[in-house]
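Single-structure report; data block below.
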Amino acid sequence: MAHRKARERDMLDSVYSMLALVFILVACVELCDAATVVDVYRLIQYDISGVPFGSRLASLNHHAGSLHFSPGADLSRTVVMIPVRELNISFVTEYVSRKHPLGGMLFLLPEIFRLENGGGGKDVREKEVVKNVLLELEKLLVHAKLPYPVYFAFENDEIDAVLDDVKKNDATGQPATATTGGYKLVIPIAEPKKVASPTITNIQGWLQGLKADGDANQLPTIAIVASYDTFGAAPALSVGSDSNGSGVVALLEVARLFSLLYSNPKTRGRYNILFGLTSGGPYNYNGTHKWLRSFDQRLRESIDYAICLNSVGSWNNELWIHVSKPPENAYIKQIFEGFTNVAEELGFKVGLKHKKINISNPRVAWEHEQFSRLRVTAATLSELSAAPELLESTGGLLDSRHFVDETSFIRSVQLVAESLARHIYGYQGKNIQIFADNSSLAVNPSYIRSWLDLLSQTPRVAPFISKNDPFIMALKKELADHTDEVIMQHEVLDGMFTFYDSTKASLNIYQVASVTFDLLLLLVLGSYLIVLFSFLVITTRGLDDLISLFRRPPSRKVKTA
Amino acid sequence: MTVFHFFNCAILTFGPHAVYYSATPLSEYDTLGTSVKAALVYLGTALVKLVCLATFLKVSETDNFDPYQELLKALIGFIDVAGLYFALTQLTHRNISQNHKFQAVGLGWAFADSVLHRLAPLWVGARGLEFTWDYLLQGLEANANLVLSISLAALGSLMWLRKNKPKTLIPIIYACAGIVATMPSITSYLRRGLGWQFPKVVGFELFTSLVMAFISWQLFSACQRPSA
């Protein structure tokens, strides 16, 4: 008896588990039945001191529309698919500034901008066409508040086909709604949440100089600094190859060259070299500020000068040195002369730009200003001639691998290394090339290329990089290879900026039929079945039977009467 | 897309069976039991076919037409015919006229085929958001299948249940039965070997099913005349 009951219970259990499995299978299959699934990247969502910017929503469930809609159409339940190639910036400007209600925006970027496409000479011309449009678009979107989801996607065959279909439908003048069919774009994603305590990580490396016996004083230090994080309209696509990937790679290459020199005590200079990879660059160089504050007084005083690198990868024939101390200052003159001499030998010009610091203004346009505020002599080497605005030139959609010109970049690295070496070893003004080409100390193009490629495939927006991100670990390891001592400093980003997550999602595109189509189909099928029924009754039982089906009640009355 | 569409496709796939049952004298003579028994026989036949296919057939990576595999599939398809023979002759039916017996068996056979082959894809696929014509075409295929099953059952009953047949018609009966029995192989050849699209194949199936139904109707009435 007990055995049978146990067996029955086992059977029931297995039946229940089978049913559960079937339900799960059914549910799973329901979820992945879209015609097309595309990776999409969301527009950044952030607050500055509580003021909201960017796209405030993430989930999407609306019909697709294109730019060819009839004027005056209601687009509050439509997602407008805009290929950037055909974009008329005035449309977006108008929609954003007039705050028209919109279901969402989906920008389609040409395939050339994909992160995996490392290089392509013939497509660079195509990029020029889109370049200006993208720059303006990015600026507009980053500084606007959009109460609907905005996404970026790359063009591919499937999405192009969908867009063509949508354009055709729109051309007939019928906007896509539930009753007219078309395509439906669905992104099932949770509401975006604030990133709690976004961390910024500064990495510093220290190359010890040669201390002569009996030298009680601390050796002077020269600092080379570059910020490695980026900010752009689509944080999952902000790789910033030039701003500031070029600065990071230049720093690493200089570190490699000097580590070769400093490994031999005979060629070790009498200066310590401090390498700093800072984060928080776009946010008024917050990371540099915190890094400098962590120094003790003696170290800060021992810094002779600091060179900050900011975008040195895509210039033509002139670089700029930006300073905040007046150019008549002796130290500034010395630095500038050193750089100019080397630049002349390499065949290009270096200009000097002076921008006074306003202590009361929280805006920090260049990294050297953070040094200057603590009375450390510093200068920034950059291809930009004017100070960028807040959140400008921080590595956006356009700043991908093609943007960096390797020849000019190698010349920048030579400039920095040579100028520093001549200062350290006391060869100012002398025509001695320490890092000559074809020597063992030459700048290594393949090293540069591989690091530029890596940086061009790693989006580096600081709030979305965790403390132990593999990229930060890679930078740390690389710096540790070239320097004596590496220290990582983890800080929390200043409270002025708040960021929201959900930077990447999957877009499902469904082709839907309208409700009218379903009703029509029901009508057709109903009539088909009725016709079939009548046909069968007539052929098998005869026409009288069919008629009698409708006349039954009256015949009964006749019978009783 | 959505439950509405699922409902539409379901009535297209299964509606004709119900309509056939209620419209013809089958409902008057209460032949439901026969249909149910035929459906069960179809289930058993499908199981046997599955085992044979798994044992003898190679899994092909590509989707083109392999004549040997198709020949094997056709041979295994004749198990269908054996099942139909079993349903028509061996099952004990109540006193139903031969006319209605083959209809009931054919109906039960076609209904079981539709449920087994088309209900699961319909349930899983037609309720999603994405719209495709596939499920409506599948429903039309189910209709063609119903007509084919009934004509096969008619020819089967002619072959095995009717003793006195006019001599001239016997080869025609066997030929038609052969054609109808190998319909699955023919459609798979059209789809894979010639590369026809699904709507074209369904159109072909509908057309041939109507033609075969007409031919078997003529044969049936021709054989009925001597005894009548």
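In the calculated pair distance distribution of segment A:199-492, what percentage of Cα-Cα distances lie above 26 Å? Taking all Cα-Cα pairs of segment A:199-492, the fraction more than 26 Å apart is 38 percent. For the peptides A:346-352, A:513-519, the ranking by packing is A:513-519, A:346-352, with the highest mean count of neighbouring Cβ atoms within 10 Å listed first.
For peptide B:6-13, the mean count of partner chain Cβ atoms within 10 Å of a residue's Cβ comes to 3.
Cross-link reach is defined here as a Cα-Cα straight distance under 20 Å, omitting same-chain residues fewer than 8 places apart; for B:Lys37 the lysines meeting it are B:Lys49, B:Lys101. Applied to segment B:8-22, the Karplus parametrisation 6.51 cos²θ - 1.76 cosθ + 1.60 on θ = phi - 60° returns per-residue 3J(HN,Hα) values of 4, 5, 5, 6, 5, 7, 10, x, x, 4, 5, 5, 4, 5, 7 Hz, with x for Gly and Pro. Cβ crowding within 10 Å, taken as a proxy for footprinting-reagent exposure, orders A:Thr278, B:Thr187 from fewest neighbours to most as B:Thr187, A:Thr278. With both labels modelled 7 Å from their Cα along Cα-to-Cβ, the A:Arg551 to A:Lys430 distance reads 12.6 nm.
The mean number of Cβ atoms from other chains found within 10 Å of a Cβ in peptide A:533-542 is 4, as a whole number. Between the Cα long axis of helix A:515-541 and the first principal axis of chain A there is an angle of about 30°, rounded to the nearest 10. Hey, if you drop one equal point scatterer on each alpha-carbon of chain B and run the Debye formula without solvent, what base-10 log of I(q)/I(0) do you get at q = 0.12, 0.16, 0.18 Å⁻¹? Here log10 of I(q) over I(0) equals -0.70, -1.23, -1.48.
What is the calculated FRET efficiency for A:His354 to A:Asp469, with r their C-beta to C-beta distance and R₀ = 35 Å, to the nearest 0.05? E(calc), rounded to 0.05, equals 0.40.
Phi angles across segment A:405-414 convert, under the Karplus curve 6.51 cos²θ - 1.76 cosθ + 1.60 with θ = phi - 60°, into 3J(HN,Hα) values of 9, 5, 4, 5, 5, 4, 5, 4, 4, 4 Hz, Gly and Pro given as x. For the protein assembly as shown, the antiparallel share of DSSP beta bridges with both residues in that region comes to about 50%. Each residue of segment A:467-477 was assigned a 3J(HN,Hα) from its phi angle through the Karplus expression (A = 6.51, B = -1.76, C = 1.60, θ = phi - 60°), giving 4, 9, 4, x, 5, 5, 4, 5, 4, 4, 5 Hz with x at Gly and Pro. Among beta bridges from DSSP that stay inside segment A:199-492, the antiparallel ones total about 40%. Using only helices, what value at 222 nm comes out for chain A when you add -39,500 (n - 2.57) per DSSP H run of length 4 or more and divide by the total residues, to the nearest 500 deg cm²/dmol? -12500 deg cm²/dmol, from helical runs alone.
Using Cβ contacts closer than 10 Å as the measure, can you line up B:Cys9, B:Cys176 from fewest to most? Mind dumping the intermediate values first?
On the way: B:Cys9 26, B:Cys176 21.
The order, fewest Cβ neighbours first, is B:Cys176, B:Cys9.
Shown for the protein assembly as shown is the translational diffusion coefficient from the Stokes-Einstein equation, using the Kirkwood radius over Cα pairs, a temperature of 37 °C and a viscosity of 0.692 mPa s: 99 µm²/s.
Straight-line reach from A:Lys266: taking Cα to Cα under 19 Å and skipping same-chain neighbours fewer than 8 places apart, the lysines in range are A:Lys211. Helix B:134-160 and the long axis of chain B differ in direction by around 20°, with both axes built from C-alpha atoms. Please give every one of the lysines within straight-line cross-link reach of A:Lys467, meaning a C-alpha to C-alpha distance under 18 Å, and leave out same-chain neighbours fewer than 8 residues apart. Within the straight-line cut-off, A:Lys467 pairs with A:Lys194, A:Lys290, A:Lys476, A:Lys477. Between A:Ser534 and B:Ser221, the simple spin-label model (points 7 angstrom out along Cα→Cβ) gives 2.2 nm.
Which whole-number percent is the relative contact order of segment A:331-466 (Cα, under 8 Å, 6+ apart)?
Details: 65 pairs, mean separation 33.3, N = 136.
This gives 24 percent for segment A:331-466.
Spatially close Lys pairs in segment A:291-437, defined by Cα atoms under 24 Å apart and a spacing of eight or more places or different chains, total 11. Let me know the mean shielding of B:124-132 by other chains, meaning the per-residue number of their Cβ atoms within 10 Å of its Cβ. Across the residues of B:124-132, the mean count of other-chain Cβ atoms within 10 Å is 6. In chain B, helices alone account for a calculated mean residue ellipticity at 222 nm of -24500 deg cm²/dmol, with every DSSP H run of four or more residues adding -39,500 (n - 2.57).
Hey, can you rank A:429-439, A:280-290 by average C-beta count inside 10 Å, highest first?
Going by the mean number of other Cβ atoms within 10 Å, highest first, we get A:280-290, A:429-439.
Scaled against 2.2 N^0.38 Å for its residue count N, the alpha carbon radius of gyration of segment B:103-163 is 1.42. Using the average count of surrounding beta-carbon atoms within 10 Å as a protection proxy, the listed peptides A:412-421, A:198-207, A:184-193 rank, highest first, as A:412-421, A:198-207, A:184-193.
Laboratory data are not the source of any read-out in this text; all were calculated from the coordinates shown. Only a predicted model underlies this, so the values are computations on that prediction, with no experimental measurement involved. Cβ sites come from the backbone with ideal geometry, for glycine too, and all protein chains shown count toward neighbours.
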